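Report on one structure; see the data block that follows.
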Amino acid sequence: MHNKDINKLIRQISNYSSLPLLFYLIMFEISGCFLQLLFYFFEENSVMADTGLQSLITYIVIYLMIFPVSMFLFYKLKGRKNNFRLNSCLKKPKRSVGWITKWIILSLGLTYLFSVLSSLLMLFLECFGININTIAIDFGDSIYSILVTVLVMPVLAPIFEELLFRGTIYRNTEPMGQWFAIILNAVMFGLWHANGAQSMYTFVLGVMSSFLIAKTRSVFPSVILHFLFNIIGTIQSLCLMNLDIEKLGEENIDYIMSNIIPIMMYSIMVLLIIGLIIAGIVLLIIELVKHRGKFTLNSGEYRIKTLNKIAIYFSA
């Protein structure tokens with residue numbers, strides 16, 4: 001294949017991958033402005049003034065409207081020309097349950113390890129007066145806030161984010177080489193979260209999720225990985241929702257005993273995370289020592305240098 005033909009194909013891949021993200025960003029801004037205007041017209045004592053309800057409506061628009069339309073647009077344009085279908089990744093994984101379980105544990109461990117490291121890095125930078133953009137999301141404490149925490153984060157986010165980033169964008173980029181597609185997809189996934197510390201560990205989550213679909217040819221393992229990661233965070237958020245951190249710091253025994261269940265649940269989640277980090281490191285070492293060859297992935301259809309691929313992809 002001539003370089004001119006390769007360049008054209010890579011640019012097509014770049015354009016198709018950018019299409020759903022560009023559409024998402026445009027619709028996100030438009031819908032955000034519309035919803036803010038809508039919420040503005042309600043009185044302060046109205047139920048629509050509830051921060052949790054506003055967040056719930058916003059996320060429903062994002063995940064149940066913008067995400068599906070973004071993917072529909074992609075498959076309508078590329079799928080019709082190249083027989084590229086979403087249902088081709090909605091199938092039984094080509095790896096055993098044991099293999100998938102091992103790699104999900106490994107992936108969770110590495111993601112949490114980098115989550116801890118990114119938090120430490122943020123603290124270190126703050127000592128020198130450097131504050132990287134970290135968005136603190138507060139849904140409030142109403143019933144709608146709980147719905148956001150238990151429905152959106154552990155259910156809608158894993159399903160639709162994995163279908164878009166792994167089931168659609170990763171598979172579209174895969175002809176350029178699986179490792180190339182994995183790293184590129186992870187970078188896009190991390191930047192998409194637009195949050196300093198979060199972008200670091202979501203990059204790792206993106207790497208591991210893309211690796212899972214590369215090895216299993218199914219999006220289900222990455223959805224499970226994403227779900228488990230988010231559900232642990234959800235449980236922690238629910239435990240902390242009605243706790244006064246200052247009183248805990250004062251070691252107020254009466255307060256601690258009256259809130260012993262959420263405190264214990266939160267402590268269990270912390271211990272679980274520590275266990276996952278240790279297990280993830282151990283499993284990674286075993287894989288590197290005993291199964292190093294298993295990390296070899298398809299180098300792609302286009303035999304050109306990686307730097308050239310990057311230049312062509314981002315210049316499209």
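Derivation of every value follows stated rules applied to the coordinates shown; laboratory data play no part. Just so we're clear, the structure is a prediction, and the values are computed from it rather than from any experiment. A quick note on method: Cβ atoms are made from the backbone with ideal geometry, for glycine too, and the neighbour counts reach across all protein chains shown.
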Exercise for the section: Please report how far the C-alpha centroid of region 98-131 lies from that of region 155-224, rounded to the nearest whole angstrom. Expected result: 16
Problem - Debye, to nearest 20: dipole size of region 88-209, +1 on Lys, Arg Cβ, -1 on Asp, Glu Cβ - result: 760
Handout entry: Sequence of Ser119, Ser218, Ser267 once ranked by neighbouring C-beta atoms within 10 Å, starting from the fewest
Key = Ser267, Ser119, Ser218
Practice task
Would you calculate a helix-derived [θ] at 222 nm for the chain, using -39,500 (n - 2.57) for each DSSP H run of n ≥ 4 and dividing by the full residue count, to the nearest 500?
Solution key: -22000 deg cm²/dmol
Practice task
Grab the Cα-Cα distance for Val47 and His2, subtract it from 0.36 nm times how many residues apart they are, and report the gain in nm with one decimal.
Solution key: 10.0 nm
Completion exercise
Neighbour-count ranking for Arg166, Arg217 (other C-beta within 10 angstrom, fewest to most) reads Arg217, Arg166
Handout entry: Magnitude of the charge dipole, region 249-310, Cβ model with Lys/Arg +1 and Asp/Glu -1, debye to 20
Key = 920
Completion exercise
Residue separation between Lys76 and Lys305 times 0.36 nm, minus their alpha-carbon distance, gives in nm 79.3 nm
Practice task
Report relative contact order for region 3-315 in percent, whole number only (criteria: Cα-Cα under 8 Å, sequence separation at least 6).
Solution key: 27
Problem - region 3-315: projected area of the alpha-carbon convex hull, averaged over directions, in nm² - result: 19.9
Handout entry: Projected area averaged over orientations for region 36-86, convex hull of C-alpha atoms, nm²
Key = 4.2
Problem - Residue-span extension gain [Ile60 to Asp254] - 0.36 nm each, minus C-alpha spacing - result: 65.8 nm
Completion exercise
Out of Leu147, Gly293, Tyr63 - ranked by how far each Cα lies towards the positive end of the dipole of region 3-315, with unit charges on the beta-carbon of charged residues - the top one is Gly293
Problem - GluC sites (Glu not before Pro) within region 13-55, DSSP loop, no more than 10 other Cβ atoms inside 10 Å - result: Glu43, Glu44
Practice task
Treat every Asp and Glu Cβ in region 3-315 as -1 and every Lys and Arg Cβ as +1, leave all other atoms uncharged, and give the resulting dipole magnitude about the Cα centre to the nearest 20 debye.
Solution key: 2900
Completion exercise
Assertion target for Thr296, Thr216, Thr51, ordered by fewest C-beta neighbours within 10 angstrom first, is Thr296, Thr51, Thr216
